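Here the structure is laid out as structure tokens; the discussion comes afterwards.
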């Protein structure tokens with residue numbers, strides 16, 4: 001149908017085309033005649049409110065991580081023996097735990113380590129995975145085979161289990177936890193980057209650049225990498241959610257950072273013992289994890305839709 | 001067809017050998033010293049540590065250790081637990097049925113909820129079901145399993161007292177853990193099925209079918225669904241593997257028996273042979289599931305069936 005302008009359209013063909021368009025439109029919009037523009041605008045507004053809310057939630061939690069003392073009403077280590085296991089109230093928004101600590105303040109102070117683990121492991125994973133994927137995709141040949149087979153092997157162990165195993169082998173601690181989660185996310189980033197590089201490498205403008213006498217290094221840094229980065233960045237945004245979840249999970253199992261101020265996963269794990277008497281200790285740290293991951297995923301989804309023309313209007 | 005099966009089997013075997021080497025490398029090459037994690041270096045003499053190292057064969061060269069390790073694993077000798085010193089393999093096998101049952105139940109939840117919601121939301125795009133599907137999809141991938149598990153316990157065990165919060169006896173104990181674990185898988189599957197179903201519904205062959213005058217349900221549920229399920233099946237295979245791995249958290253939350261629970265306990269006790277054995281076991285199951293997924297393509301997708309090996 002694209003070149004119908006070029007070819008003379010017979011009467012029969014015009015009718016056929018009209019029928020096709022009608023049928024496609026019917027299938028897509030359930031028969032209701034909605035202007036395409038109006039539809040796009042209404043969807044854009046509803047989705048945008050959500051994105052703004054998600055952005056605010058992320059900004060607030062980052063604020064908690066950076067300046068917890070401005071937001072938390074109590075010190076996270078302050079034990080008030082007069083207020084043990086109190087239900088949420090005006091004085092203690094999220095209630096108090098077994099030691100009389102304010103759960104809201106604990107959640108606020110716990111943000112720092114929780115986000116730090118998630119963000120650093122994504123950066124680590126993207127750097128290692130992106131580099132390996134770029135090398136595999138750009139150099140190709142035997143090096144490509146070796147790198148990708150190693151990635152395949154890494155993928156035979158489900159992500160959380162691989163992170164768990166590495167964390168167990170390395171021992172507890174923030175750095176080890178980050179390393180474990182980063183390594184377990186490397187194969188995913190490497191695969192995407194490799195695919196992207198290979199797709200870009202065969203484009204005409206790359207050949208043109210080579211033909212003009214550009215050095216391979218220049219072509220890679222100036223043309224291939226900048227044009228391959230978007231999907232990796234989108235994937236990293238969505239990956240931040242899973243890294244936070246993985247960090248909280250490992251922390252929940254006791255492989256986290258053993259500190260006086262627990263991160264969200266460790267806080268949840270501590271509250272598990274008081275489930276029948278104090279629902280709030282477990283509920284609120286989990287809510288914080290969910291709100292952050294949900295917001296990041298919303299933003300990532302939206303970004304992916306914007307980058308990938310195939311997904312427009314979903 | 002037979003050629004495809006054999007090729008896949010061989011590559012799966014190679015991958016399993018690779019994952020065996022990977023597990024070996026994680027435990028013996030990373031900077032953690034297994035001996036130092038077994039004993040406290042401040043309380044025992046260096047000779048004791050040296051002795052232990054010799055006993056475990058850690059003083060031998062790398063390739064020798066790797067070969068011994070391969071030989072042991074392939075003959076089913078997974079070593080002995082450092083705690084209680086019982087053999088690892090029977091200890092794992094004893095717990096396998098409970099974990100596989102939980103994984104299967106979770107997979108059932110994930111596939112039924114995920115595929116149904118995904119298909120319906122694509123067919124009725126913009127409607128109520130679509131909204132529900134989007135919420136399930138987003139929350140499924142955003143909620144930590146341990147939290148959804150704990151919320152289920154709070155609601156159905158602590159408040160309503162309908163279902164037990166712990167244990168592994170009887171079918172009632174299976175419901176909450178499989179819901180918590182299955183929900184995560186359902187989230188990913190909904191997103192995938194919805195997306196690929198929407199893609200397929202826009203393809204020219206669907207338009208042709210409509211032009212032919214075929215009834216809409218037949219187009220959607222026979223022709224479109226079949227094509228849309230092909231990418232979804234890869235994801236379902238991976239999700240089942242993730243759910244198997246997820247039992248390490250869910251079995252801990254619900255105090256259920258199983259290899260996930262032993263794994264969590266062994267990690268805390270630094271019982272590396274058991275950890276190693278369980279990770280290797282999971283890798284084998286995971287590779288097996290992916291093999292089945294690959295082979296199932298041939299059954300579903302006539303293009304692959306005709307082409308033979310791909």
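As a calculated quantity, the FRET efficiency between residue B:171 and residue B:135 at R0 = 25 Å, using C-beta atoms, amounts to about 0.30. For the range A:80-143, the normalised intensity computed at q = 0.29 Å⁻¹ comes to -1.07 (log10 of I(q)/I(0), Debye sum over alpha carbons, equal scatterers, no solvent). The spread of Cα positions in the range B:98-220, taken along each principal axis and listed from longest to shortest, comes to 57, 25, 21 Å.
Size estimate for the range A:49-311 follows the Kirkwood approach: the inverse of mean 1/r over distinct Cα pairs works out to 20.2 Å.
Here r is the Cβ-Cβ distance between residue A:221 and residue A:146 and R0 is 30 Å; the resulting FRET efficiency, rounded to 0.05, is 0.80. The stretch between residue B:50 and residue B:215, if pulled fully straight at 0.36 nm per residue, gains 51.7 nm over its current Cα-Cα span. Comparing B:288, B:79, B:126 in a Gaussian network model of chain B where C-alpha atoms under 10 Å apart are linked, the largest mean-square fluctuation is found at B:126. Cα axis of helix B:2-29 to longest principal axis of chain B: angle in degrees, 0 to 90, nearest 10? The angle comes out near 40 degrees.
Build a GNM of chain B with springs between Cα atoms under 10 Å apart, and of B:72, B:242, B:294 the one that fluctuates most is B:72. Reported value for the protein assembly as shown: 210 Å³ per residue, from the convex hull of its C-alpha atoms.
With contacts taken as Cα pairs under 8 Å at a separation of at least 6 residues, the range A:49-311 carries a relative contact order of 25 percent.
Averaging Cα coordinates gives a centre for the range A:248-275 and one for the range B:158-189; these two points are 22 Å apart.
Between residue A:91 and residue A:66, the distance separating the two model label sites (each 7 Å from Cα on the Cα→Cβ line) works out to 3.4 nm. Taking a ≥ b ≥ c as the square roots of the eigenvalues of the alpha carbon gyration tensor, chain B is oblate, as a/c is not under 1.5 and a/b does not beat b/c.
What whole-number distance in Å separates the alpha-carbon centres of the range B:89-115 and the range B:266-285? Measuring centre to centre over Cα atoms gives 17 Å.
We did not get these values from a lab; they are worked out from the coordinates using the rules stated. All values derive from a computational prediction rather than experimental measurement. Backbone-built Cβ (ideal geometry, glycine too); neighbour counts: all protein chains shown.
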